[in-house]
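The values are calculated or read from the model by the stated rules, or taken from the named source; none is laboratory data. Quick caveat, the model's predicted, so the values are computed rather than measured. Glycine also receives a Cβ, built like all others from the backbone with ideal geometry; neighbour counts cover every protein chain displayed.
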Amino acid sequence: MRALRRPAACAAAAVWLALGAYPGAPAAQEESSEAGTAAAAVEEITVTARKRAESLREIPESVSALSGFELEQGQITHINDIGLQVTNLNLSSRADGNPNVTIRGVGSFGNTQGVGFYVDGTQIFVDASAEFGDMERLEVLKGPQGTLYGGSNIGGAVKFVTRRPQLGEWSGNAEAEVGGQSMTNLSATVNAPLGERAALRIFGYTKEDEGFVTAIRPERRNGRDSQLETLWPYGVPETFFGADTPNSYTKDVTERWRRHPNEREEFGFRVSFLAEFDERTRLYAAVRHNELDGGNNNWRVEDGNRLQYSRKRELTFAGRNDRETTGGLLELTRDFDLGSLTYLGALTDAEGLRTTDLDVSTEVGFDLVRPEETRVQTHELRFTSAGDGPFEWLVGAYYAKWENDWDSWATFYQTTDVLCDLFGDCGREGSLGILEPLSAADRNALPSTDDDPRLGTPVQTPSFEQETGNRLYFPFENRDRERTNKAFFATASYRVGDWEFGVGARLDRWEADTLERNHNYWVNLL
(Lines give C-alpha, C1' and ligand atoms only; values in the text may rest on other atoms or scores of the structure.)
Protein backbone atom coordinates (compact mmCIF):
# COMPACT_ATOMS: atom_id res chain seq x y z
CA MET A 1 0.00 0.00 0.00
CA ARG A 2 1.42 3.36 -1.02
CA ALA A 3 1.41 6.38 1.22
CA LEU A 4 0.16 9.74 0.06
CA ARG A 5 2.61 11.68 -2.07
CA ARG A 6 4.07 14.83 -0.62
CA PRO A 7 4.76 17.27 -3.46
CA ALA A 8 7.22 20.12 -3.47
CA ALA A 9 6.38 22.60 -6.22
CA CYS A 10 7.93 25.64 -7.86
CA ALA A 11 6.09 27.73 -10.47
CA ALA A 12 7.11 30.59 -12.75
CA ALA A 13 4.91 32.17 -15.45
CA ALA A 14 3.38 29.39 -17.53
CA VAL A 15 5.99 26.74 -16.68
CA TRP A 16 5.92 24.66 -13.53
CA LEU A 17 8.08 21.95 -12.02
CA ALA A 18 6.75 19.56 -9.39
CA LEU A 19 8.62 16.97 -7.40
CA GLY A 20 6.78 14.32 -5.42
CA ALA A 21 8.30 11.98 -2.86
CA TYR A 22 6.77 8.57 -2.29
CA PRO A 23 7.76 6.56 0.77
CA GLY A 24 8.35 2.98 -0.22
CA ALA A 25 5.55 0.48 0.27
CA PRO A 26 6.16 -2.27 2.81
CA ALA A 27 6.51 -5.80 1.51
CA ALA A 28 3.34 -7.80 1.24
CA GLN A 29 4.78 -10.52 3.48
CA GLU A 30 5.10 -8.03 6.32
CA GLU A 31 1.51 -6.83 6.15
CA SER A 32 -0.84 -8.36 8.66
CA SER A 33 -4.20 -9.68 7.57
CA GLU A 34 -5.86 -6.93 9.61
CA ALA A 35 -3.96 -4.22 7.71
CA GLY A 36 -4.85 -5.81 4.41
CA THR A 37 -8.50 -5.88 5.35
CA ALA A 38 -8.42 -2.21 6.38
CA ALA A 39 -6.71 -1.24 3.13
CA ALA A 40 -9.28 -3.09 1.09
CA ALA A 41 -12.04 -1.29 2.95
CA VAL A 42 -10.71 2.13 1.90
CA GLU A 43 -12.72 3.41 -1.03
CA GLU A 44 -10.59 4.01 -4.10
CA ILE A 45 -11.53 7.35 -5.68
CA THR A 46 -10.53 8.00 -9.28
CA VAL A 47 -10.16 11.65 -10.25
CA THR A 48 -9.44 13.53 -13.47
CA ALA A 49 -7.68 16.53 -11.96
CA ARG A 50 -4.85 16.20 -14.51
CA LYS A 51 -7.27 15.35 -17.35
CA ARG A 52 -6.52 11.66 -17.09
CA ALA A 53 -8.10 9.03 -14.84
CA GLU A 54 -5.87 8.52 -11.79
CA SER A 55 -6.22 7.35 -8.23
CA LEU A 56 -6.62 10.23 -5.79
CA ARG A 57 -3.87 8.67 -3.65
CA GLU A 58 -1.43 8.51 -6.55
CA ILE A 59 -1.23 12.10 -7.80
CA PRO A 60 1.15 14.73 -6.38
CA GLU A 61 -1.48 17.46 -6.38
CA SER A 62 -3.57 19.07 -3.67
CA VAL A 63 -6.98 17.65 -4.54
CA SER A 64 -9.99 16.99 -2.32
CA ALA A 65 -12.72 14.70 -3.58
CA LEU A 66 -16.17 13.77 -2.34
CA SER A 67 -17.54 10.53 -3.74
CA GLY A 68 -21.11 10.15 -4.91
CA PHE A 69 -21.81 8.09 -1.81
CA GLU A 70 -20.55 10.89 0.45
CA LEU A 71 -22.64 13.46 -1.41
CA GLU A 72 -25.77 11.34 -1.08
CA GLN A 73 -25.25 10.45 2.58
CA GLY A 74 -24.52 14.07 3.46
CA GLN A 75 -27.50 15.39 1.47
CA ILE A 76 -25.10 17.68 -0.39
CA THR A 77 -27.04 19.13 -3.33
CA HIS A 78 -25.98 22.79 -3.42
CA ILE A 79 -22.73 24.73 -3.38
CA ASN A 80 -23.60 26.16 0.05
CA ASP A 81 -23.13 22.63 1.43
CA ILE A 82 -19.73 22.00 -0.18
CA GLY A 83 -17.84 24.69 1.70
CA LEU A 84 -18.53 22.91 4.98
CA GLN A 85 -16.93 19.67 3.75
CA VAL A 86 -13.57 20.74 2.27
CA THR A 87 -10.70 22.44 4.09
CA ASN A 88 -9.41 25.79 2.80
CA LEU A 89 -12.60 26.22 0.76
CA ASN A 90 -15.21 28.92 1.36
CA LEU A 91 -18.15 28.56 -0.98
CA SER A 92 -21.60 30.11 -0.82
CA SER A 93 -24.34 31.57 -2.99
CA ARG A 94 -24.78 35.35 -2.99
CA ALA A 95 -28.05 37.20 -2.57
CA ASP A 96 -28.29 37.48 -6.37
CA GLY A 97 -27.76 33.73 -6.88
CA ASN A 98 -24.15 33.88 -8.11
CA PRO A 99 -21.43 31.99 -6.23
CA ASN A 100 -18.75 33.47 -4.01
CA VAL A 101 -15.80 31.13 -3.64
CA THR A 102 -12.27 31.24 -2.26
CA ILE A 103 -9.68 28.49 -2.19
CA ARG A 104 -6.74 29.27 0.07
CA GLY A 105 -7.80 32.91 0.10
CA VAL A 106 -7.96 33.35 -3.69
CA GLY A 107 -11.30 33.23 -5.39
CA SER A 108 -14.18 34.53 -7.46
CA PHE A 109 -16.67 37.20 -6.44
CA GLY A 110 -19.47 37.93 -8.87
CA ASN A 111 -17.85 38.90 -12.17
CA THR A 112 -14.30 38.50 -10.84
CA GLN A 113 -12.89 35.15 -11.89
CA GLY A 114 -10.36 33.30 -9.79
CA VAL A 115 -11.88 29.85 -9.34
CA GLY A 116 -13.48 27.94 -12.20
CA PHE A 117 -16.54 25.68 -12.07
CA TYR A 118 -16.74 22.64 -14.35
CA VAL A 119 -19.34 20.02 -15.25
CA ASP A 120 -17.91 16.89 -16.86
CA GLY A 121 -14.76 18.76 -17.84
CA THR A 122 -16.44 21.81 -19.42
CA GLN A 123 -16.39 25.20 -17.70
CA ILE A 124 -19.73 26.73 -16.74
CA PHE A 125 -20.33 30.45 -16.21
CA VAL A 126 -24.02 31.00 -15.43
CA ASP A 127 -25.52 28.15 -13.39
CA ALA A 128 -22.80 27.09 -10.98
CA SER A 129 -25.19 27.73 -8.08
CA ALA A 130 -27.92 25.48 -9.48
CA GLU A 131 -28.93 22.38 -7.54
CA PHE A 132 -27.09 19.21 -8.51
CA GLY A 133 -27.61 15.47 -8.08
CA ASP A 134 -26.81 12.01 -9.47
CA MET A 135 -23.11 12.79 -9.13
CA GLU A 136 -20.20 10.40 -9.48
CA ARG A 137 -17.98 12.67 -7.42
CA LEU A 138 -16.96 16.25 -6.76
CA GLU A 139 -13.35 17.37 -7.07
CA VAL A 140 -11.80 20.50 -5.57
CA LEU A 141 -8.43 21.37 -7.09
CA LYS A 142 -6.48 23.68 -4.79
CA GLY A 143 -3.94 26.18 -6.01
CA PRO A 144 -3.21 27.58 -9.49
CA GLN A 145 -4.51 25.41 -12.33
CA GLY A 146 -3.44 27.65 -15.20
CA THR A 147 -1.54 25.06 -17.24
CA LEU A 148 -4.45 22.73 -17.88
CA TYR A 149 -7.42 24.97 -17.12
CA GLY A 150 -6.38 28.52 -17.99
CA GLY A 151 -5.70 31.79 -16.20
CA SER A 152 -9.18 32.18 -14.70
CA ASN A 153 -8.34 29.34 -12.31
CA ILE A 154 -5.52 30.93 -10.35
CA GLY A 155 -7.18 29.98 -7.06
CA GLY A 156 -8.26 26.50 -8.10
CA ALA A 157 -11.20 24.71 -9.66
CA VAL A 158 -14.40 22.99 -8.54
CA LYS A 159 -15.35 20.05 -10.79
CA PHE A 160 -18.73 18.31 -10.84
CA VAL A 161 -18.50 14.83 -12.36
CA THR A 162 -21.91 13.35 -13.15
CA ARG A 163 -22.78 9.67 -13.24
CA ARG A 164 -22.64 8.34 -16.78
CA PRO A 165 -25.06 5.82 -18.28
CA GLN A 166 -24.34 2.19 -17.45
CA LEU A 167 -24.37 -0.26 -20.33
CA GLY A 168 -26.70 -3.25 -20.06
CA GLU A 169 -28.32 -2.10 -16.82
CA TRP A 170 -31.86 -1.11 -15.93
CA SER A 171 -31.90 0.91 -12.73
CA GLY A 172 -33.54 3.86 -11.09
CA ASN A 173 -34.26 5.59 -7.83
CA ALA A 174 -36.42 8.36 -6.44
CA GLU A 175 -36.09 10.58 -3.38
CA ALA A 176 -38.45 12.89 -1.54
CA GLU A 177 -37.65 15.34 1.26
CA VAL A 178 -39.94 17.67 3.19
CA GLY A 179 -39.14 20.06 5.98
CA GLY A 180 -39.70 23.41 7.61
CA GLN A 181 -40.17 26.67 5.71
CA SER A 182 -42.42 24.77 3.26
CA MET A 183 -39.43 22.88 1.88
CA THR A 184 -40.16 20.17 -0.69
CA ASN A 185 -37.41 18.41 -2.64
CA LEU A 186 -38.11 15.68 -5.21
CA SER A 187 -35.63 13.92 -7.50
CA ALA A 188 -35.48 10.79 -9.63
CA THR A 189 -32.98 8.94 -11.82
CA VAL A 190 -33.49 6.30 -14.52
CA ASN A 191 -30.81 4.33 -16.37
CA ALA A 192 -31.92 2.46 -19.50
CA PRO A 193 -29.81 0.32 -21.87
CA LEU A 194 -30.17 0.89 -25.61
CA GLY A 195 -28.92 -2.37 -27.01
CA GLU A 196 -25.58 -3.82 -25.96
CA ARG A 197 -23.37 -0.83 -26.72
CA ALA A 198 -25.43 2.21 -25.70
CA ALA A 199 -27.36 3.51 -22.71
CA LEU A 200 -29.44 6.50 -21.66
CA ARG A 201 -29.59 8.14 -18.23
CA ILE A 202 -32.15 10.73 -17.10
CA PHE A 203 -32.03 12.76 -13.90
CA GLY A 204 -34.66 15.28 -12.84
CA TYR A 205 -35.44 17.34 -9.76
CA THR A 206 -37.76 19.98 -8.38
CA LYS A 207 -37.15 22.00 -5.22
CA GLU A 208 -38.96 24.76 -3.41
CA ASP A 209 -38.90 26.54 -0.06
CA GLU A 210 -40.10 29.87 1.28
CA GLY A 211 -36.87 30.95 2.99
CA PHE A 212 -36.47 32.56 6.40
CA VAL A 213 -37.00 36.22 5.43
CA THR A 214 -40.45 37.81 5.76
CA ALA A 215 -41.81 41.09 4.41
CA ILE A 216 -43.89 43.38 6.63
CA ARG A 217 -46.26 46.31 6.18
CA PRO A 218 -47.56 45.93 2.63
CA GLU A 219 -49.63 49.11 3.15
CA ARG A 220 -48.06 52.29 1.80
CA ARG A 221 -48.35 55.83 3.22
CA ASN A 222 -51.32 56.66 1.00
CA GLY A 223 -53.25 53.65 2.31
CA ARG A 224 -52.93 51.51 -0.81
CA ASP A 225 -51.97 47.86 -0.38
CA SER A 226 -49.04 46.39 -2.32
CA GLN A 227 -50.53 42.90 -1.92
CA LEU A 228 -53.41 43.95 -4.16
CA GLU A 229 -51.38 45.81 -6.79
CA THR A 230 -48.87 44.11 -9.07
CA LEU A 231 -47.53 47.16 -10.87
CA TRP A 232 -43.84 47.59 -10.12
CA PRO A 233 -41.30 47.78 -11.63
CA TYR A 234 -43.63 49.93 -13.72
CA GLY A 235 -43.06 50.17 -17.45
CA VAL A 236 -40.29 49.26 -19.87
CA PRO A 237 -38.37 52.03 -21.66
CA GLU A 238 -38.82 52.07 -25.41
CA THR A 239 -35.45 53.65 -25.93
CA PHE A 240 -32.51 55.16 -24.07
CA PHE A 241 -30.81 56.82 -27.00
CA GLY A 242 -33.51 57.76 -29.46
CA ALA A 243 -35.43 55.87 -32.10
CA ASP A 244 -32.28 54.49 -33.74
CA THR A 245 -31.29 52.37 -30.72
CA PRO A 246 -34.41 51.00 -29.02
CA ASN A 247 -34.28 48.97 -25.84
CA SER A 248 -34.20 45.34 -26.99
CA TYR A 249 -35.91 43.97 -23.88
CA THR A 250 -39.70 44.23 -24.09
CA LYS A 251 -41.02 41.51 -21.75
CA ASP A 252 -43.15 42.14 -18.67
CA VAL A 253 -40.95 42.95 -15.67
CA THR A 254 -43.55 43.48 -12.92
CA GLU A 255 -43.26 41.52 -9.68
CA ARG A 256 -45.66 41.04 -6.79
CA TRP A 257 -45.34 41.66 -3.08
CA ARG A 258 -44.61 38.40 -1.26
CA ARG A 259 -44.81 37.53 2.40
CA HIS A 260 -41.62 35.52 1.85
CA PRO A 261 -39.60 37.57 -0.66
CA ASN A 262 -36.83 34.98 -0.94
CA GLU A 263 -39.10 32.03 -1.63
CA ARG A 264 -37.50 29.80 -4.22
CA GLU A 265 -38.67 27.39 -6.88
CA GLU A 266 -36.29 25.46 -9.09
CA PHE A 267 -36.53 22.49 -11.38
CA GLY A 268 -34.18 20.92 -13.87
CA PHE A 269 -33.17 17.79 -15.69
CA ARG A 270 -30.16 16.18 -17.33
CA VAL A 271 -30.27 13.63 -20.15
CA SER A 272 -27.04 11.80 -20.96
CA PHE A 273 -26.20 9.26 -23.64
CA LEU A 274 -23.24 6.88 -23.86
CA ALA A 275 -22.29 4.71 -26.84
CA GLU A 276 -19.31 2.42 -27.41
CA PHE A 277 -18.99 1.93 -31.15
CA ASP A 278 -16.13 -0.52 -30.71
CA GLU A 279 -13.40 -1.26 -28.19
CA ARG A 280 -11.55 1.92 -29.12
CA THR A 281 -14.26 4.50 -29.83
CA ARG A 282 -16.66 6.05 -27.31
CA LEU A 283 -19.19 8.86 -27.48
CA TYR A 284 -20.77 10.69 -24.56
CA ALA A 285 -23.37 13.44 -24.92
CA ALA A 286 -25.46 15.27 -22.34
CA VAL A 287 -28.07 18.03 -22.20
CA ARG A 288 -28.92 19.92 -19.02
CA HIS A 289 -31.71 22.40 -18.38
CA ASN A 290 -32.69 24.27 -15.23
CA GLU A 291 -35.09 27.07 -14.37
CA LEU A 292 -34.88 29.18 -11.24
CA ASP A 293 -37.32 31.61 -9.65
CA GLY A 294 -35.69 32.87 -6.47
CA GLY A 295 -35.15 35.97 -4.38
CA ASN A 296 -32.72 38.65 -5.48
CA ASN A 297 -31.06 41.25 -3.26
CA ASN A 298 -33.96 41.78 -0.87
CA TRP A 299 -31.94 43.98 1.43
CA ARG A 300 -32.87 46.14 4.39
CA VAL A 301 -31.48 49.39 5.74
CA GLU A 302 -29.01 48.98 8.58
CA ASP A 303 -30.46 49.72 12.01
CA GLY A 304 -27.80 52.14 13.20
CA ASN A 305 -25.51 50.50 15.74
CA ARG A 306 -27.74 47.47 16.16
CA LEU A 307 -25.69 44.51 14.96
CA GLN A 308 -28.36 41.85 15.36
CA TYR A 309 -29.48 40.40 12.03
CA SER A 310 -33.12 41.02 11.21
CA ARG A 311 -35.26 38.75 9.06
CA LYS A 312 -37.83 41.48 8.41
CA ARG A 313 -37.99 43.37 5.11
CA GLU A 314 -39.92 46.45 3.97
CA LEU A 315 -40.55 46.18 0.23
CA THR A 316 -42.99 47.31 -2.42
CA PHE A 317 -42.35 44.08 -4.31
CA ALA A 318 -40.11 41.06 -3.87
CA GLY A 319 -36.91 41.30 -5.87
CA ARG A 320 -36.59 38.20 -8.01
CA ASN A 321 -33.93 36.28 -9.89
CA ASP A 322 -35.52 34.45 -12.83
CA ARG A 323 -33.06 32.39 -14.84
CA GLU A 324 -33.37 29.74 -17.52
CA THR A 325 -30.29 27.81 -18.62
CA THR A 326 -29.82 25.15 -21.28
CA GLY A 327 -26.49 23.52 -22.01
CA GLY A 328 -25.14 20.59 -23.95
CA LEU A 329 -21.82 18.83 -24.27
CA LEU A 330 -20.28 16.27 -26.60
CA GLU A 331 -17.27 14.09 -25.84
CA LEU A 332 -15.76 11.79 -28.46
CA THR A 333 -12.78 9.58 -27.60
CA ARG A 334 -10.67 7.37 -29.84
CA ASP A 335 -8.00 5.10 -28.36
CA PHE A 336 -4.73 4.41 -30.17
CA ASP A 337 -1.71 2.36 -29.18
CA LEU A 338 0.13 5.56 -28.29
CA GLY A 339 -2.74 7.12 -26.32
CA SER A 340 -6.24 8.60 -26.53
CA LEU A 341 -7.53 11.45 -28.69
CA THR A 342 -10.46 13.31 -27.10
CA TYR A 343 -12.69 16.09 -28.37
CA LEU A 344 -14.80 17.87 -25.76
CA GLY A 345 -17.21 20.62 -26.78
CA ALA A 346 -19.98 22.46 -24.96
CA LEU A 347 -22.60 25.11 -25.65
CA THR A 348 -24.65 26.99 -23.04
CA ASP A 349 -27.46 29.52 -23.44
CA ALA A 350 -28.88 31.43 -20.48
CA GLU A 351 -31.51 34.11 -20.15
CA GLY A 352 -32.12 35.90 -16.88
CA LEU A 353 -34.06 38.75 -15.33
CA ARG A 354 -33.18 40.23 -11.95
CA THR A 355 -35.31 42.88 -10.26
CA THR A 356 -34.60 44.82 -7.08
CA ASP A 357 -36.61 47.26 -4.96
CA LEU A 358 -33.73 49.72 -4.61
CA ASP A 359 -35.36 52.14 -2.18
CA VAL A 360 -35.70 49.27 0.35
CA SER A 361 -39.01 50.55 1.69
CA THR A 362 -42.73 49.93 1.40
CA GLU A 363 -42.98 53.13 -0.68
CA VAL A 364 -42.65 53.42 -4.45
CA GLY A 365 -39.37 55.21 -5.10
CA PHE A 366 -36.94 53.62 -7.52
CA ASP A 367 -36.40 50.09 -8.83
CA LEU A 368 -33.72 48.22 -10.75
CA VAL A 369 -34.38 45.87 -13.68
CA ARG A 370 -31.50 43.79 -15.06
CA PRO A 371 -32.23 41.54 -18.05
CA GLU A 372 -29.23 39.48 -19.16
CA GLU A 373 -28.47 37.04 -21.96
CA THR A 374 -25.36 34.85 -22.02
CA ARG A 375 -24.04 32.42 -24.59
CA VAL A 376 -20.90 30.33 -24.07
CA GLN A 377 -19.15 27.82 -26.27
CA THR A 378 -15.98 25.86 -25.52
CA HIS A 379 -13.98 23.39 -27.59
CA GLU A 380 -11.03 21.27 -26.54
CA LEU A 381 -8.95 18.71 -28.44
CA ARG A 382 -6.30 16.81 -26.52
CA PHE A 383 -4.11 13.74 -26.84
CA THR A 384 -3.27 11.82 -23.67
CA SER A 385 -0.51 9.24 -23.50
CA ALA A 386 -1.42 5.64 -22.69
CA GLY A 387 0.12 3.02 -20.47
CA ASP A 388 1.33 2.83 -16.89
CA GLY A 389 4.98 3.51 -17.63
CA PRO A 390 7.10 6.11 -15.87
CA PHE A 391 6.68 8.71 -18.64
CA GLU A 392 3.29 10.38 -19.16
CA TRP A 393 2.40 13.34 -21.36
CA LEU A 394 -0.54 15.34 -22.66
CA VAL A 395 -0.94 17.98 -25.38
CA GLY A 396 -4.05 19.93 -26.33
CA ALA A 397 -5.70 22.96 -27.88
CA TYR A 398 -8.57 25.01 -26.45
CA TYR A 399 -11.03 27.60 -27.73
CA ALA A 400 -13.73 29.46 -25.81
CA LYS A 401 -16.14 32.26 -26.65
CA TRP A 402 -18.26 34.09 -24.07
CA GLU A 403 -20.99 36.53 -25.15
CA ASN A 404 -22.99 38.60 -22.68
CA ASP A 405 -25.61 41.28 -23.27
CA TRP A 406 -27.15 43.64 -20.71
CA ASP A 407 -30.14 45.96 -21.19
CA SER A 408 -30.71 47.12 -17.63
CA TRP A 409 -32.15 50.26 -16.14
CA ALA A 410 -33.28 51.89 -12.91
CA THR A 411 -36.73 53.47 -12.83
CA PHE A 412 -37.33 56.61 -10.77
CA TYR A 413 -40.97 57.52 -10.15
CA GLN A 414 -42.60 60.89 -9.60
CA THR A 415 -42.74 60.10 -5.88
CA THR A 416 -39.03 60.71 -5.43
CA ASP A 417 -39.35 64.48 -4.98
CA VAL A 418 -41.91 64.26 -2.21
CA LEU A 419 -40.26 61.27 -0.54
CA CYS A 420 -36.72 62.55 -0.77
CA ASP A 421 -36.39 62.70 3.01
CA LEU A 422 -37.57 59.13 3.33
CA PHE A 423 -35.06 57.95 0.74
CA GLY A 424 -32.23 60.04 2.13
CA ASP A 425 -31.75 62.06 -1.05
CA CYS A 426 -32.56 65.65 -0.20
CA GLY A 427 -29.06 66.97 -0.73
CA ARG A 428 -27.77 65.33 2.43
CA GLU A 429 -24.40 63.60 2.60
CA GLY A 430 -24.61 60.16 1.05
CA SER A 431 -27.50 61.03 -1.26
CA LEU A 432 -27.61 59.81 -4.84
CA GLY A 433 -27.38 63.36 -6.12
CA ILE A 434 -30.07 62.74 -8.71
CA LEU A 435 -33.27 64.07 -7.19
CA GLU A 436 -34.22 67.71 -6.88
CA PRO A 437 -33.63 68.72 -3.24
CA LEU A 438 -36.42 70.52 -1.39
CA SER A 439 -35.77 73.03 1.33
CA ALA A 440 -37.35 72.52 4.74
CA ALA A 441 -39.75 75.42 4.07
CA ASP A 442 -40.80 73.98 0.71
CA ARG A 443 -41.22 70.57 2.25
CA ASN A 444 -43.38 71.86 5.10
CA ALA A 445 -45.52 73.81 2.65
CA LEU A 446 -46.48 70.68 0.72
CA PRO A 447 -50.06 69.47 1.25
CA SER A 448 -50.99 66.16 2.90
CA THR A 449 -47.98 65.99 5.16
CA ASP A 450 -47.65 63.90 8.26
CA ASP A 451 -44.85 63.02 10.61
CA ASP A 452 -42.64 60.10 9.67
CA PRO A 453 -41.69 58.25 12.87
CA ARG A 454 -38.27 57.33 11.52
CA LEU A 455 -37.33 60.89 10.59
CA GLY A 456 -39.38 63.08 12.86
CA THR A 457 -39.95 65.43 9.93
CA PRO A 458 -42.96 66.06 7.69
CA VAL A 459 -43.05 63.89 4.57
CA GLN A 460 -45.65 64.32 1.85
CA THR A 461 -47.92 61.36 1.10
CA PRO A 462 -47.49 60.34 -2.56
CA SER A 463 -50.51 59.99 -4.77
CA PHE A 464 -51.21 56.91 -6.86
CA GLU A 465 -50.62 59.01 -9.98
CA GLN A 466 -47.14 59.85 -8.73
CA GLU A 467 -46.47 56.19 -7.91
CA THR A 468 -47.33 55.12 -11.46
CA GLY A 469 -45.68 58.06 -13.20
CA ASN A 470 -42.11 57.54 -14.35
CA ARG A 471 -39.85 60.47 -13.66
CA LEU A 472 -36.88 59.07 -15.57
CA TYR A 473 -35.26 55.87 -16.77
CA PHE A 474 -31.69 55.70 -15.58
CA PRO A 475 -29.48 53.42 -17.75
CA PHE A 476 -27.63 51.06 -15.45
CA GLU A 477 -25.68 48.39 -17.33
CA ASN A 478 -26.22 48.60 -21.06
CA ARG A 479 -23.43 46.86 -22.87
CA ASP A 480 -22.60 44.00 -25.17
CA ARG A 481 -19.47 42.05 -24.29
CA GLU A 482 -17.54 39.31 -26.03
CA ARG A 483 -14.44 37.44 -24.88
CA THR A 484 -12.53 34.80 -26.80
CA ASN A 485 -9.71 32.58 -25.58
CA LYS A 486 -7.38 30.44 -27.66
CA ALA A 487 -4.77 28.25 -26.03
CA PHE A 488 -2.28 25.46 -26.52
CA PHE A 489 -1.10 23.46 -23.53
CA ALA A 490 1.20 20.55 -22.78
CA THR A 491 2.33 18.64 -19.70
CA ALA A 492 4.81 15.84 -19.13
CA SER A 493 5.92 13.89 -16.09
CA TYR A 494 8.49 11.21 -15.37
CA ARG A 495 8.52 8.93 -12.37
CA VAL A 496 11.75 7.71 -10.83
CA GLY A 497 11.14 5.42 -7.91
CA ASP A 498 9.14 7.39 -5.38
CA TRP A 499 9.73 10.72 -7.13
CA GLU A 500 7.81 12.34 -9.97
CA PHE A 501 9.20 15.21 -12.04
CA GLY A 502 6.69 17.27 -13.99
CA VAL A 503 6.75 20.19 -16.38
CA GLY A 504 3.95 22.03 -18.15
CA ALA A 505 3.33 25.07 -20.32
CA ARG A 506 0.35 26.94 -21.72
CA LEU A 507 0.20 29.57 -24.45
CA ASP A 508 -2.90 31.77 -24.12
CA ARG A 509 -4.36 34.47 -26.33
CA TRP A 510 -7.25 36.55 -25.01
CA GLU A 511 -9.41 39.05 -26.85
CA ALA A 512 -12.10 41.16 -25.18
CA ASP A 513 -14.53 43.53 -26.89
CA THR A 514 -17.14 45.70 -25.18
CA LEU A 515 -19.81 47.86 -26.77
CA GLU A 516 -20.68 50.31 -24.00
CA ARG A 517 -24.04 51.77 -24.91
CA ASN A 518 -23.85 54.33 -22.08
CA HIS A 519 -20.57 55.87 -23.21
CA ASN A 520 -22.08 59.22 -24.26
CA TYR A 521 -25.30 59.10 -22.31
CA TRP A 522 -26.24 59.30 -18.67
CA VAL A 523 -29.98 59.76 -18.16
CA ASN A 524 -33.00 60.03 -20.38
CA LEU A 525 -35.49 62.48 -18.94
CA LEU A 526 -39.15 61.83 -19.69
Residue in region 359-376 that is in contact (Cβ under 8 Å) with a residue 60 or more places away in the chain, under 30 Å from Gly389 (Cα atoms) and not polar (S, T, N, Q) present: no
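Applying the selection to region 208-224, what residues are on the phi < 0 side of the Ramachandran plot and of a type outside the set (A, V, I, L, M)? First the steps, then the outcome.
Keep residues of region 208-224 that are on the phi < 0 side of the Ramachandran plot, which gives 208-210, 212-216, 218-222, 224.
Within region 208-224, Glu208, Asp209, Glu210, Phe212, Thr214, Pro218, Glu219, Arg220, Arg221, Asn222, Arg224 qualify.
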In region 252-283, residue surrounded by the most Cβ atoms within 10 Å (Cβ to Cβ) [restricted to those that are more than 18 Å from Thr206 (Cβ to Cβ) and among the small types (Gly, Ala, Ser)]: Ser272
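When the residues of region 181-194 are narrowed to those that are of a type in the set (Gly, Ala, Ser) and closer than 15 Å to Glu265 by Cα, which ends up surrounded by the fewest Cβ atoms within 10 Å (Cβ to Cβ)? Even if it seems obvious, please write down each step before you answer.
Pass one, region 181-194, residues of a type in the set (Gly, Ala, Ser): 182, 187-188, 192.
From what's left, closer than 15 Å to Glu265 by Cα: 182, 187.
Numbers: Ser182: 12, Ser187: 20.
Going through the qualifying residues, I end up with Ser182.
Residues checked against (1) in the same structural domain as Lys51 (by TED's automatic domain parsing); (2) within 14 Å of Val63 (Cα to Cα); (3) buried (at least 21 other Cβ atoms within 10 Å of the Cβ):
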position: Gly114; (1), (2), (3): yes, no, no
position: Val119; (1), (2), (3): yes, no, yes
position: Phe132; (1), (2), (3): yes, no, yes
position: Leu138; (1), (2), (3): yes, yes, yes
position: Val158; (1), (2), (3): yes, yes, yes
position: Leu167; (1), (2), (3): no, no, no
Only one of Glu516, Glu482, Glu511 that is at pLDDT 90 or above, loosely packed, with under 13 Cβ neighbours inside 10 Å and within 30 Å of Tyr149 (Cβ to Cβ): Glu511
Region 195-209, residues that are surrounded by fewer than 18 Cβ atoms within 10 Å (Cβ to Cβ) and in contact (Cβ under 8 Å) with a residue 12 or more places away in the chain: Glu196, Arg197, Ala198, Leu200, Ile202, Thr206, Glu208
Selection count, region 284-316, where residues are more than 19 Å from the chain's Cα centre (by Cα), crowded, with 16+ Cβ neighbours inside 10 Å and hydrophobic (A, V, I, L, M, F, W, C): 2
Region 308-338, residues that are more than 17 Å from Phe269 (Cβ to Cβ), touching a Gly at 6+ places or on another chain (Cβ under 8 Å) and part of a strand (DSSP E or B): Arg320, Asn321, Asp322, Leu330, Glu331
Elements of type strands (runs of 3 or more DSSP E) in region 97-176, at least 1 residues being charged (D, E, K, R): 135-142, 156-162
